[in-house]
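A quick write-up on the structure given underneath.
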2 protein chains.
Amino acid sequence: LRARERDAVLARLEELHAADIADLIEQADPAERADLIDLLPAELDGEVLSYLNPDLREALIERFEPQELAAAVADLDTDDAVELIEDLDAETRAQILAKLPDAERALVQENLTYDEDSAGRMMQRELVAVPEFWTVGKTIDFVRAATDTLPEDFYDIFIVDPMHRVVGAVPLSRLLRQRRAVRIADLVTGEVDVIPATMERAEVANLFRQYALVSAPVVDPAGRLIGVITVDDVVRIIDEEAEDDLRKLSGSGDTGVFSGIADIARGRVGWLTVNLATAFLASGVISLFEATIEQIVALAVLMPIVASMGGNAGTQTLTVVVRALATHELSSANAMRVVGKELLVGLINGGIFAVMVGVIALLWYGPMIGIVIALAMIINLVVAGLSGALIPLGLEKLGVDPAVSSAVFLTTVTDVIGFLAFLGLASAFLL
Amino acid sequence: LRARERDAVLARLEELHAADIADLIEQADPAERADLIDLLPAELDGEVLSYLNPDLREALIERFEPQELAAAVADLDTDDAVELIEDLDAETRAQILAKLPDAERALVQENLTYDEDSAGRMMQRELVAVPEFWTVGKTIDFVRAATDTLPEDFYDIFIVDPMHRVVGAVPLSRLLRQRRAVRIADLVTGEVDVIPATMERAEVANLFRQYALVSAPVVDPAGRLIGVITVDDVVRIIDEEAEDDLRKLSGSGDTGVFSGIADIARGRVGWLTVNLATAFLASGVISLFEATIEQIVALAVLMPIVASMGGNAGTQTLTVVVRALATHELSSANAMRVVGKELLVGLINGGIFAVMVGVIALLWYGPMIGIVIALAMIINLVVAGLSGALIPLGLEKLGVDPAVSSAVFLTTVTDVIGFLAFLGLASAFLL
């Protein structure tokens, strides 16, 4: 029975896109995963592996012989090949590299010399470059003749000078529109957006986003064309960067739904420890007012409200500011205007919620407690708005990634100020 | 002086990409913005406006006469034209539409009949479609001759049958490689990913992401080709969707750094009100134990720690699960495995932090309080892991966007259970 099922599954698999096969493997339970991988026809392995979630890929890659992996890697464009082997342990990586054709090995190894988050690491080496003096006709003939050495898909033809420096880029649709006799250099409009191999990938994404690029040339320090980055890779980077921001803000570490339990737990302990420290700091503030709380227990009942509203309002500001910094909407030119706005928003919403909370507290525990909590609420929401904007701006200025550390600082401030304002005002006015 | 400056600025502006001019306007202070807009040469207006942040665009668009706007809109591809006028009030929109050339008006109006978040709204109507029986040579000749009616840039040539239904797509790089005599229909490999005009834009983004597409055809219910979506628009959508998720999780509303103060404040009140309600719910739980707190004030000092650690641990899980749902990594097939993992992670981290918190509390307030807070910590971190996974999964199953409402439910649960477990155990064991 199992064997007959195999044939049916195999027939289905062969009809599917590599990305869909990767999805199937991700959704399967761990026992089925191994079976699925074993079923895959050899020529599919490389592409399917490159679409797979990295956590799963690492676990499954052990099932292959280095020889098989090398064959799979050799079929891929350099960027996908690099992605596949960069996370392997040094020994497996060396085994696979040794089995690659010489030319490909040199390119892959060169990519690996660049920083993990750099353009050089993600670039594809296969590209189409022609000299300035060529015509449209000669370029088309070249592409028709040279099918083997060209990338599978390309979107721009790069024009290089004799030193192989980029002097222009011509989108295929523009090339296609012209008569054969036209010089290709005459089709260049505007400056070409050149990417240094050392540029960080977040900056690469910003460049593609800003100028709606589909592909862009990567150059070495001498300005020589060494690779190309295409938009499909940038889409993946944009997704990963957005996910990174989310994870950093929530402190969920760099693990996902496919990570192992121990990795997940370990990835989150750091953030929780920092939070524990700030929680004890807040407790320390409360303990200053033990005598007051002993006399008026209502304070213990109501105090989390002030802290929690401050934390939430501050997080709202923080999210907007962190995101605007990441997308370059926010810069030193307009930073102070944004801080001013957030201060006013804090004042407005502080006023609104002061009334709401004040009235409820008044009905519950009497007028004086109502007034005290209303005042504390205004103070904490103004502080929340200011810190939500100033903390990430300050961290950015210090060269620290605002996404990763802002949230801890913020909740520390809103907790401490929340408890201090409420319990402090209560001690002053209610005793 | 001001006039001489003007010329210099104008000269600089003309060298810049429309996206960079839009950035300049965004970074300028409000007074300079109007000056900059007035300086722009008329033919640039449309493109610059379409790159501008929507909040700013709305404010600046009033400075133009409908006549000028119509001229600017007419220069744009349909998708950009639609984006520019969709947010205008009905009257201005009608004025601009009336001044457009008939053919363009019909297309723009048709796009506007589709849902705001649908493929039909974001598609571009300018595209290249050829019949199945054409050759590569005929297709190239057609493109060379028909420069006026074609889009500025295109990446795929779509092949249609006599009913104008899509039967295939050929990337330009594949077309360019073939001899002129080859039939274009023979270049089609695999099925073409066709987008129904009613598809939601988040799904469109997933399709592009999944199959690394650069452009894809949009079809009407009869399967007829009516438009094309290109990857540059999808990049924008991916950014906006990621931002949406962040904003929904933090409740910061749909305003950004360029929104007006009143809009920002209003956009955030809803979320804060919901949080206020849940904060009072937590207060209600605390008030059940007023008598206990009156006798042991240490409880008031320590109780925020249990609630806050639960909230943080739950948010970590929540972030990972919401994101995995959005990117389709998580489905009903592997949901229960993920819930199981999170339960175990909650148990492991609960154990670790129970020891840490327990020891500190013991040193501070004695052994019994240490044991009680350690137990409460384990309970709350397990509950946090379970709710962090189950709440978004449940909301998704009910058809509610998990990003928008998960966080409130989660912190309600972790606050209530945190206070209940800690104060309840304290009442049972310490009195």
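What follows is calculated from the coordinates using simple rules that are stated; it is not laboratory data. For clarity, every value in this text was computed on a predicted model and none was experimentally measured. Cβ atoms come from the backbone with ideal geometry, glycine included; neighbour counts cover every protein chain shown.
Would you please name the residue that is farthest from the chain's Cα centre (by Cα), looking only at residues in region A:250-270 that are under 22 Å from B:Lys248 (Cα atoms) and facing chain B (nearest Cβ under 7 Å)? It comes out as A:Val257. Return a yes/no flag: does region A:330-350 have any residue that is assigned to a helix (DSSP H, G or I) and closer than 30 Å to A:Gln295 by Cβ. Yes, region A:330-350 contains a residue that is assigned to a helix (DSSP H, G or I) and closer than 30 Å to A:Gln295 by Cβ.
The residues on offer are B:Met309, B:Met356, and the sole one that is assigned to a helix (DSSP H, G or I) and buried (at least 24 other Cβ atoms within 10 Å of the Cβ) is B:Met309. One residue alone among A:Met303, A:Met368 is more than 29 Å from the chain's Cα centre (by Cα), crowded, with 24+ Cβ neighbours inside 10 Å, among the hydrophobic types (A, V, I, L, M, F, W, C) and more than 7 Å from chain B (Cβ to nearest Cβ), and that residue is A:Met303. Taking the numbered list (1) in contact with a strand residue (DSSP E or B) (Cβ under 8 Å, 6 or more places away or on another chain); (2) over 27 Å from B:Glu83 (Cα atoms); (3) in contact (Cβ under 8 Å) with a residue 24 or more places away in the chain in turn, B:Pro196 passes all entries but (2). Applying the condition of being more than 14 Å from chain A (Cβ to nearest Cβ) and within 14 Å of B:Thr278 (Cβ to Cβ) to region B:372-408 and asking which residue is nearest to the chain's Cα centre (by Cα) yields B:Ser405. Taking B:Ala181 as the residue in question, decide whether it is touching a residue at least 24 places away in the same chain (Cβ under 8 Å), assigned to a helix (DSSP H, G or I) and within 13 Å of chain A (Cβ to nearest Cβ). No, not satisfied. If the condition is being not aliphatic (A, V, I, L, M) and not in a strand (DSSP E or B), then region A:214-231 contributes A:Asp220, A:Pro221, A:Gly223. Restricted to region B:98-116, and to residues there that are charged (D, E, K, R) and surrounded by 15 or more Cβ atoms within 10 Å (Cβ to Cβ), the residue that is nearest to the chain's Cα centre (by Cα) is B:Glu110.
Residues in region B:153-178 that are within 8 Å of chain A (Cβ to nearest Cβ) and either farther than 22 Å from A:Ile157 by Cβ or part of a loop (DSSP other than H, G, I, E, B) (or both): B:Asp153, B:Phe154, B:Tyr155, B:Gln178. When B:Thr149 is tested against the conditions (1) assigned to a loop (DSSP other than H, G, I, E, B); (2) of a type outside the set (Phe, Trp, Tyr); (3) in contact (Cβ under 8 Å) with a residue 40 or more places away in the chain; (4) loosely packed, with under 15 Cβ neighbours inside 10 Å, the lone failure is (3). If you filter region A:169-206 down to residues that are small (Gly, Ala, Ser) and over 19 Å from the mean Cα position of the chain (by Cα), you find that the one that is surrounded by the most Cβ atoms within 10 Å (Cβ to Cβ) is A:Ala169. The requirement of being among the basic types (Lys, Arg), out of contact with any strand residue (DSSP E or B) (no Cβ under 6 Å at 6 or more places or on another chain) and facing another protein chain (nearest Cβ under 7 Å) is satisfied by A:Arg247. Output the residues belonging to region B:247-263 that are touching a Leu at 6+ places or on another chain (Cβ under 6 Å) and free of Cβ contacts under 8 Å to residues at least 60 places away in the same chain. Passing the criteria: B:Val257, B:Ile261.
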